[in-house]
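Notes follow once the structure below has been shown.
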Amino acid sequence: MPLLVMKFGGTSVATLDRIRRAAKRVGVEVANGYDVIVIVSAMSGKTNELVGWVKETSPLFDAREYDAVVSSGEQVTAGLMALTLQEMDVPARSWQGWQVPVQTTSAHSSARIEDILTDNINGKFNEGMRVAVVAGFQGVSPEGRVTTLGRGGSDTTAVAFAAAFGAERCDIYTDVDGVYTTDPRISSKARKLDKIAFEEMLELASLGAKVLQTRSVELAMRYKVKLRVLSSFDEQTETSGTLVCDEEEIMESNVVSGVAYSRDEAKMTLISVADRPGIAAAIFGPLAEAGVNVDMIVQNISEEGRTDMTFSCPNDDVPRAQKAMAAAKEAGHINYHDLVADTDVAKVSVVGIGMRSHAGVAAKMFSALNSEGINIKVITTSEIKISVLIDRKYMELAVQALHDAFELEKAS
Ligand code: ADP
Ligand code: ASP
Ligand code: MG
């Protein structure tokens, strides 16, 4: 039988009533003749609560136990979804990651899927099961411990299952009806896109648009999974939602297709480091070893052999960055006057494959921010994106100003 993967995010399974609504939608696809793999998230708010409990119990927690606790939210919704389907006379059962098994690396709290063995689930499909309800976000390490895939990881579970089982499509049901030109919660002018290219979605996701986890887009691109984002609350038609697809399938071509933001950034400046060969390696080596996710890097002009080095990283990584730099200084590998952490910054980015062939996007972006009196602290660019670091209090204003400047409310 043809197979579909349907993923329901936290808000779509937030109550028993919503689980019933989601189950009905699954029932429709079963009636249409599909076998279905349903991937569920934890009820909305649950994972945050579990993470909070872990941090309160043990601030420098053992990541293996973090995963044991935090993966439990998905176990509950998988069981409840299977029960709901059974009540509707749909042959269904739940699967936890280790039961499938979903084999991952041992990088607890941010593990990567290495393989999904299909025999167990396929065996049950052959015996008449019509729906496999799989707990998203979790797997099992080579050591046999439960792992999780990083926040938002159920999207990745869904795409990985679609690839492993050769599903006809992977539908991501969420609380908005598709991918928008920017977060519809920030700008009322945000416009839903019918299609978006993998590359653009990858940039938007990695720059903060949490509608899809970055890794899920990478996998969809690599394994050519037909990926759709749609609302679990609206009635659906064939053309509902947003299709994430190859660039060639898209007719619409705005130079900029979206604006993304990330609120949880920090700007770190090492004041007065010796400017000598090897200094960047001496700074960023220890940061990488400490697991600090460095994003932007700027080295200032050097005066009398000394310079300032600025980098950005997620707010959560600041204590680790401070510790790593202090240790490198202590060991005599680097020598700086001070490390200044500015934790009140946000990153705002514009993304579009049209930038490859159009000049002037950066100038337009900077002038739009200037018109609102927003000071730019750090800039980075790549082929299809430009990001700036600004004061967090201006973040929403910046997103709206850029959305207006690039006329994203209008389709081209
Ligand atoms: P789920 O629980 O279903 O996984 P998430 O909260 O992880 O849902 O992701 C959906 C949210 O992503 C939306 O509610 C929206 O606020 C946010 N979002 C950010 N950027 C975008 C965008 N460009 N298009 C659509 N949604 C976006
Ligand atoms: N429940 C997990 C989280 O909140 C995974 C997910 O929903 O995708 O991050
Ligand atoms: Mg999500």
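Just a few scattered comments:
- Residue within region 339-348 that is over 18 Å from residue 297 (Cα atoms) and open to solvent by 10 Å² or more (accessible area, probe 1.4 Å) present: no
- All of 22, 68, 78, 42 fail the test of being open to solvent by less than 60 Å² (accessible area, probe 1.4 Å), part of a loop (DSSP other than H, G, I, E, B), within 16 Å of ligand 2 (Cβ to nearest atom) and not charged (D, E, K, R), apart from 42.
- Some residue of region 225-241 being open to solvent by 40 Å² or more (accessible area, probe 1.4 Å) and over 26 Å from residue 21 (Cα atoms): no
- Residues in region 81-105 that are open to solvent by 30 Å² or more (accessible area, probe 1.4 Å) and assigned to a helix (DSSP H, G or I): 83, 86, 87, 98, 99.
- Within region 76-98, residues that are in contact (Cβ under 8 Å) with a residue 12 or more places away in the chain sit with their Cβ atoms under 9 Å from residues that are open to solvent by less than 70 Å² (accessible area, probe 1.4 Å) and among the acidic types (Asp, Glu), at 6+ positions apart or across chains, in these pairs: 96/74; 97/74.
- Positions within region 200-224 being within 13 Å of ligand 1 (Cβ to nearest atom), open to solvent by 60 Å² or more (accessible area, probe 1.4 Å) and in a loop (DSSP other than H, G, I, E, B), in sequence order: 210
- Region 124-160, residues that are among the basic types (Lys, Arg) and farther than 29 Å from residue 29 by Cα: 145
- For region 280-315, the set of residues classified as free of Cβ contacts under 8 Å to residues at least 12 places away in the same chain, acidic (Asp, Glu) and open to solvent by less than 70 Å² (accessible area, probe 1.4 Å) is empty.
- Residue match in region 264-275 (condition: under 28 Å from residue 12 (Cα atoms) and within 24 Å of the chain's Cα centre (by Cα)): yes
- Enumeration of residues in region 26-39 that are in a helix (DSSP H, G or I) and touching a Pro at 6+ places or on another chain (Cβ under 6 Å): none
- Filter pass, residue 262 being within 16 Å of ligand 3 (Cβ to nearest atom) and out of contact with any helix residue (DSSP H, G or I) (no Cβ under 8 Å at 6 or more places or on another chain): yes
- Any chance residue 398 is hydrophobic (A, V, I, L, M, F, W, C), part of a strand (DSSP E or B) and more than 13 Å from residue 256 (Cβ to Cβ): no
- Qualifying residues in region 24-60 (those that are within 16 Å of ligand 1 (Cβ to nearest atom) and small (Gly, Ala, Ser)) - the one farthest from residue 157 (Cα to Cα): 45
- Region 1-19: number of residues that are away from ligand 3 (no atom under 16 Å from the Cβ), part of a helix (DSSP H, G or I) and in contact (Cβ under 8 Å) with a residue 12 or more places away in the chain: 2
- The single condition among (1) open to solvent by 20 Å² or more (accessible area, probe 1.4 Å); (2) closer than 24 Å to residue 144 by Cβ that residue 52 does not satisfy is (2).
- Given (1) touching a residue at least 24 places away in the same chain (Cβ under 8 Å); (2) more than 17 Å from residue 138 (Cβ to Cβ), number of the condition residue 59 does not satisfy: (1)
- Across region 6-15, not a single residue is classified as surrounded by fewer than 19 Cβ atoms within 10 Å (Cβ to Cβ), at negative phi and more than 16 Å from ligand 1 (Cβ to nearest atom).
- Test: residue in region 117-135 that is within 16 Å of ligand 1 (Cβ to nearest atom), under 17 Å from residue 65 (Cβ atoms) and hydrophobic (A, V, I, L, M, F, W, C): no
- Hits in region 242-265 - residues which are in a strand (DSSP E or B) and either more than 13 Å from ligand 1 (Cβ to nearest atom) or open to solvent by less than 30 Å² (accessible area, probe 1.4 Å) (or both): 242, 243, 244, 245, 258, 259, 260, 262, 264, 265
- Number of the condition not met by residue 376 [criteria: (1) at pLDDT 95 or above; (2) open to solvent by less than 30 Å² (accessible area, probe 1.4 Å); (3) in contact with a strand residue (DSSP E or B) (Cβ under 6 Å, 6 or more places away or on another chain); (4) of a type outside the set (Asp, Glu)]: (2)
The values are calculated or read from the model by the stated rules, or taken from the named source; none is laboratory data. What you see is a predicted model, and the numbers here were worked out from it, not measured in a lab. Glycine also receives a Cβ, built like all others from the backbone with ideal geometry; neighbour counts cover every protein chain displayed. The accessibility values were calculated without ligands, DNA or RNA, using every heavy atom of the protein model including side chains. Shrake-Rupley method; radii C 1.70, N 1.55, O 1.52, S 1.80 Å.
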